[in-house]
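Chemist: Okay, here's the structure, questions in a sec.
The values are calculated or read from the model by the stated rules, or taken from the named source; none is laboratory data. Everything numeric here is computed off the predicted structure, so don't read it as measured data. Cβ: placed from backbone, ideal geometry, glycine included. Neighbour counts: every protein chain shown.
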Amino acid sequence: MKYVRHITSVLVIILIAVLASGTIVEKQHGSEFALAHVYGTWWFVGLWALVAGLMVYMAVKCRLWKRGAVCALHVSILLILVGALLTMLTGQHGRMKLEPNRPNSQFFIKDKGEITKEALPFSLTLNRFEIETYEGSSKPKDYVSYLRLNDGKTQQDIVISMNHILKHRHYRFYQSDYDEQGNSILDVARDPWGIGVTYAGYLLLFFALTAMLVERRKAFRAVTISWLAVLVVLLVVLHVRMLTRPLLPVLRSPFFSIHISTIVTAYALLLSIMVVGIIAVIKPKDLPRLERLKNLSTAMLYPAVTLLAIGIFIGAVWANVSWGNYWSWDPKEVWALITLLIYAAPLHEKLWKSFQKPIFFHVYGILAFLSVVITYFGVNLLLGGVHAYN
């Protein structure tokens, strides 16, 4: 078991290094290059498979089936990974351009630099495309395509806009872009297996994390209540902001305020852990005091990791609703995942006993916050991506 823990630690460190390197590769060569040479490679999938396999081995050795919430948490992670693999193997993601009054039943998939043409079992015709603007402003409020769907036997008029998609025969169509000629560009997605399995993993993850918080409520009740109050306030503020300020069309979604406020609350808790760690390191004094500070940080760590995980999968659902792809390996997504992996480690102090030592725990909490800084600020300033507007 000792050697398995060491091997797992090394593999997780390698995984984090690869994920971080992938964001740099994407910055230098583009998302398609990063997907083809890092995220979509067999060795990257194999690395995840090794980590998952070792996780299952340790779960069996530790008899996690006797601890319902913890066991459900690890099963949810496996479901999410299996769902991602199914999406990679069976999913289709492409684009189609619709010209006014011209039926189209084909879309194009770009994979590793090659473009292939795929046929739809029905056709779409663009009647007209409109850009809706905020009143008294030229800033876009929404992009709207008015379509006619011809399924051979039936025809129907369809409206597609940002965050309002078309679902038909297992295909999903998303308003993606437009050109100066008045043509509408749609993203096309077909993922018959991966989404269902992944969503099942998200749902199980939510219940498992909630159950773990309930089990440990006595240890961090005051902390949880206070930060839930902060979360509620953030939700209200962001909701008011969304109603009163002109937003980009893709941000006009009910997921916006929930996703952002959940993530920001998690980061605030992680910031508090760093501050407690600095206090502990500057004035170590005695072991009992260090233990009390460690208990305080641990009390904040559980809700922080819970909120971070929930925020990530809410963002994934939002991405799937808006773009048809719940995970695109965007730098912000990747660094949020890195942060989650880094902060999940101290939760396993029974396996990695170094975290039971207060000084080690506090120093780790200080250094770990660098991942939050990179995720929140560094990605926007240095790496870019679709989240650069955050």
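Chemist: Being among the β-branched types (Val, Ile, Thr) and crowded, with 17+ Cβ neighbours inside 10 Å narrows it down to one of 45, 56, 51, so name that one.
Modeler: 51
Chemist: Is it fair to say residue 244 is within 19 Å of the chain's Cα centre (by Cα), loosely packed, with under 14 Cβ neighbours inside 10 Å and either closer than 27 Å to residue 76 by Cα or modelled with pLDDT under 60 (or both)?
Modeler: The answer is no for residue 244.
So that you can scan it fast, the table gives a plain yes or no per residue for (1) of a type outside the set (A, V, I, L, M); (2) exposed (fewer than 14 other Cβ atoms within 10 Å of the Cβ); (3) assigned by TED's automatic domain parsing to the domain that holds residue 125:
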position	(1), (2), (3)
32	yes, no, no
40	yes, no, no
64	no, no, no
73	no, no, no
78	no, no, no
85	no, no, no
97	yes, no, yes
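So that you can scan it fast, the table gives a plain yes or no per residue for (1) free of Cβ contacts under 8 Å to residues at least 60 places away in the same chain; (2) under 28 Å from the mean Cα position of the chain (by Cα):
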site	(1), (2)
46	yes, yes
55	yes, yes
65	yes, yes
88	no, yes
121	yes, no
